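Here the structure is laid out as structure tokens; the discussion comes afterwards.
The values are calculated or read from the model by the stated rules, or taken from the named source; none is laboratory data. None of the values given here were measured: they were computed from a predicted structure. All Cβ positions, even for glycine, are placed from backbone atoms using ideal geometry, and neighbour counts span all protein chains on display. Ligands, DNA and RNA are stripped out before the accessible areas are found, and what is left, the full protein with its side chains, is counted by its heavy atoms. Shrake-Rupley method; radii C 1.70, N 1.55, O 1.52, S 1.80 Å.
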Amino acid sequence: MIKRCIYIACAFLLIWSCRRNPGASPGPQPFQLELPPDFPEPVYDISQNPLTVEGIALGRRLFYDPRLSRDSTISCGFCHQQFAAFAHFDHPLSHGIDNRTGIRSVPGLFNLIWQKDFMWDGGVNHLEIQPLTPITDPDEMGEDLAVLIARLNADAKYRSLFNAAFGEGEINSQRLFRAITQFMVTMNSYNSKYDSVKRNAPGVTFTYEEEQGYQVFQQKCASCHKEPLFTDGTFRNNGLPYNPALNDAGRMRITNNTADYLKFKVPSLRNIMKSPPYMHDGRFYDIYNVFDHYSEGVEQTPTIDPLVQNGIPLTEDEKRHLYFFLSTLTDPGFINSQSLSEIVIE
């Protein structure tokens, strides 16, 4: 009888301890990320930074807040424009505070969870660390990280938002980067016409020109721009003439290996028709300039990639068909997504 009473008492205490405190916060609301079934497993481990509605909303606010820059004029979204697939349509080179310019174009931001290296030279190898470079780069947002953290802690609105997303506690760099990362994790593009065709969506097929262009792509481009991400994530010298004004050695700046001289990351071709200018230095504003480069403009240097060292000859018809196929990689739902759009920071 005594044992039975003890068991009942323990059960009562267990149930009581598990009861939700009516006055307590319900905590962050989990967010279920939808991913395409025909894509590979993500590289980024989302389980280490579980997505929540509050965390994503906070990351979105930080992404569009110019107060993350030293003079409160440049936000992440200033350079990463949604209508350009989060690249920068207006400038060939990145444009930062005090009207400064960098030496490279602004890469598009999408499908980041499938990437293991970031930036044109792969100088960042973890998605959560990626925001550190533009925030602190003197030619971009130019802010001191400690100053920024102090500014956020002094802001009652941000303290409330961080508490809602991560629980009570001071705002620190880990929470800052994880919040921005949660928003970037939702920047995924996989619903273009190409995707609909590949998934046999009812009533969706390539036109004659698109189909011809797809064949050209598979024969002459797919070795580096692998489907379905349309990049193999490698670094290659594609034969672009060296620009002495920028003096950019490419990935060699990171590795100090002369074998990496003039090598840059292979970009994805998704949304490419929405994201000119092209190449790491934004030298081409028209996609036909890109075709002409590979067909007739490849320059021989010691580190040139074997796949392009003899050029990639393209007839005028092939260029035209390629244009039509690449246009099928535009994802209207992505570049017009309301959940990714700019918000007004009060």
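Miscellaneous remarks
- Note on L145 and L307: with the Förster distance fixed at 25 Å, the Cβ-Cβ geometry gives a FRET efficiency of about 0.05.
- Full-stretch length increase - K226, F206 - with 0.36 nm per residue and alpha-carbon distance subtracted: 5.3 nm
- Computed over the range 212-346, relative contact order equals 30 percent, with contacts defined as Cα pairs under 8 Å that lie 6+ residues apart.
- Inter-part distance where the range 53-83 and the range 257-294 are each reduced to a Cα centre, Å: 26 Å
- Averaging the sequence gap over all C-alpha pairs within less than 8 Å and six or more residues apart, then dividing by the number of residues, gives the chain a relative contact order of 20 percent.
- Among 85-92, 238-245, the order from most to least packed when residues are scored by Cβ within 10 Å on average: 85-92, 238-245
- Over the chain: helical MRE at 222 nm, DSSP H runs n ≥ 4 each giving -39500 (n - 2.57), nearest 500: -9500 deg cm²/dmol
- For the chain, accessible area per residue (1.4 Å probe, heavy atoms of protein chains only), Å²: 51 Å²
- Too-long pairs where the Cα-Cα distance tops 18 Å, listed order kept, from K193/K274; K193/K265; K116/K198: K193/K265; K116/K198
- Computed magnitude of the charge dipole of the chain (debye, nearest 20; Cβ of K, R +1, Cβ of D, E -1): 1520 debye
- Carbon plus sulfur fraction of accessible area for the range 166-251, probe 1.4 Å, in percent: 46 percent
- Taking amide H positions as modeled 1.01 Å from N, with prolines and chain starts lacking one, the residues under 5 Å from F284 and 5 or more places away or on another chain are Y278.
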